[in-house]
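Heads up, the thing below is written out as structure tokens.
Bear in mind these aren't lab numbers, they're just calculated from the coordinates by the rules spelled out. Since we're looking at a predicted model, the values are computed, not measured. Neighbour counts run over all protein chains shown; Cβ positions are idealised from the backbone, glycine included.
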Amino acid sequence: KNEVEQSPQNLTAQEGEFITINCSYSVGISALHWLQQHPGGGIVSLFMLSSGKKKHGRLIATINIQEKHSSLHITASHPRDSAVYICAVLGTSGSRLTFGEGTQLTVNP
Amino acid sequence: GAGVSQSPRYKVAKRGQDVALRCDPISGHVSLFWYQQALGQGPEFLTYFQNEAQLDKSGLPSDRFFAERPEGSVSTLKIQRTQQEDSAVYLCASSLPPWTGDTYNEQFFGPGTRLTVL
């Protein structure tokens with residue numbers, strides 16, 4: 001069992017739909033990243049959070065430390081949101097990130 | 001300002017060849033990380049430098065993999081006697097020191113080098 005698990009692995013949505021991607025982890029963490037990866041490999045950090053909720057534009061990230069679970073929500077999805085979304089956790093011991101396998105999101109017009 | 005850059009962006013090697021992948025971190029970033037990302041998978045940690053010191057190399061998959069950062073800036077990941085299973089995207093990331101007080105400093109990723117071993 002991976003330390004970080006994401007669901008779903010693949011997600012197809014119609015433009016305008018509300019999207020949720022989930023991340024569960026089994027280890028103690030200091031922080032959790034949500035990252036976006038477009039074709040070609042470039043990774044961009046969307047959020048880094050250790051408690052509660054953060055919002056940036058149409059993106060919302062929440063984390064429940066007790067349940068070891070985080071969600072990434074996209075409101076009013078758009079085709080340009082199509083990408084791989086990756087959850088990564090920072091362990092309590094230092095600087096090493098452990099990544100989930102990613103969720104491939106496709107938003108159709 | 002310039003982000004993290006990596007070169008080459010694409011590398012094709014014949015099995016058994018040695019390859020060297022370069023990472024130029026953001027200026028002033030003392031921490032540098034290498035990750036390996038197989039097709040359809042999330043990245044996996046390879047190694048971590050703080051300045052020129054390699055503090056963690058526990059993710060290197062074999063002794064064919066070697067990384068260095070001699071002057072605490074540019075880093076090179078070298079793979080000797082490449083094998084087909086080494087085919088992956090190799091990502092570099094840099095950051096300020098991982099922690100500043102209670103604040104975690106996020107990592108900034110380069111575009112990656114896609115290595116294909118034939």
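Here is how the numbers come out for the structure above:
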{"read-out": "Area projected by the alpha carbon convex hull of chain B, averaged over all directions, nm²", "value": "7.3 nm²"}
{"read-out": "Charge dipole magnitude, Cβ of K and R +1, D and E -1 - chain B, Cα centre, debye nearest 20", "value": "580 debye"}
{"read-out": "FRET efficiency, A:Glu67 to B:Asn105 (Cβ-Cβ, R0 25 Å, nearest 0.05)", "value": "0.40"}
{"read-out": "Separation of the A:Leu49 and A:Gln9 label points, Cα + 7 Å toward Cβ, nm", "value": "2.7 nm"}
{"read-out": "Stokes-Einstein D for segment A:1-88, Kirkwood Rh over Cα pairs, 20 °C, 1.002 mPa s (µm²/s)", "value": "160 µm²/s"}
{"read-out": "Principal axes of the protein assembly as shown: Cα extent on each, largest first, Å", "value": "48, 42, 39"}
{"read-out": "Radius 14 Å from Cβ of A:Gly102, net charge of other residues (Lys, Arg +1; Asp, Glu -1)", "value": "-3"}
{"read-out": "Efficiency of FRET between A:Thr75 and B:Leu39 - r from beta-carbon atoms, R0 35 angstrom, step 0.05", "value": "0.70"}
{"read-out": "Under 14 Å, Cβ to Cβ, from B:Ser58 - net charge with Lys/Arg +1 and Asp/Glu -1", "value": "-1"}
{"read-out": "Within 10 Å of each Cβ in A:96-104, the average number of Cβ atoms from other chains", "value": "5"}
{"read-out": "Globularity ratio of segment A:60-109, using Cα Rg and 2.2 N^0.38 Å", "value": "1.38"}
